[in-house]
Amino acid sequence: MKFVWGLLLGFALGVAAGLLLAPQSGEATRAQLSEQGIMLRDRSGTLPDELRARANTVTGQLRARANDAIEQGREVYSRTKDDLSERYSKAKSGEL
């Protein structure tokens, strides 16, 4: 718990020192922070749509990979089944 308080205190002191030693006036800094706040608000408005699009892309890719894996599994199963059936028939008829 002491670490968290120390971290928060260090952060607060860093922010205060940065504001005091800033190379521009407080008014310019506030204007810049206001502009950045507006930009972040605008970006956060489109963020859910971007995340949804990315999630749909990843979901589609995973679905395609899963379908490929299932198809490969079916092919291996079919080949193994045919091979075992053939061996069983040969063993039953005494050809082995």
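A dipole drawn for the chain from +1 and -1 charges on Cβ atoms has a positive end, and of SER93, TYR77, TRP5 the residue lying farthest that way is SER93. Per residue of the chain, the DSSP helices (runs of n ≥ 4 H) give a summed -39500 (n - 2.57) that works out to -33500 deg cm²/dmol at 222 nm.
Based on other C-beta atoms within 10 Å, arrange PHE3, PHE11 from fewest to most.
PHE3, PHE11
Binning the alpha carbon pair distances of the chain at 10 angstrom intervals from zero yields the distribution 12, 14, 15, 15, 11, 9, 8, 7, 5, 2, expressed in whole percent. State log₁₀ I(q)/I(0) for segment 44-96 at q = 0.22, 0.28 Å⁻¹ as given by the Debye formula over alpha-carbon point scatterers of equal weight, solvent excluded. Result of the Debye calculation: -0.81, -0.95.
What's the FRET efficiency of LYS90 with ALA66 using the Cβ-Cβ distance as r and R₀ = 25 Å, to the nearest 0.05?
Numbers: r = 36 Å, r/R0 = 1.46.
FRET efficiency, LYS90 to ALA66: 0.10.
Using a simple charge model, +1 on the beta-carbon of Lys and Arg, -1 on the beta-carbon of Asp and Glu, nothing else, what dipole does segment 47-96 show about its Cα centre, in debye to the nearest 20?
Details: 10 positive and 9 negative charges, 29 e Å.
It comes to approximately 140 debye.
Put in line by how crowded their Cβ is, counting other Cβ atoms within 10 Å and starting with the fewest, LYS92, LYS2 read LYS2, LYS92.
Projecting label points 7 angstrom from Cα along Cα→Cβ for ARG54 and LEU33 puts them 2.8 nm apart. Here the chain is treated with +1 on each Lys and Arg Cβ and -1 on each Asp and Glu Cβ, and its dipole about the Cα centre works out to around 320 debye.
Every number in this text was worked out from the coordinates using simple rules, so none of it is lab data. Predicted, not measured: the structure shown is a model, and the values here were computed from it. As a convention, Cβ positions derive from the backbone with ideal geometry for all residues, glycine included, and neighbour counts pool all protein chains shown.
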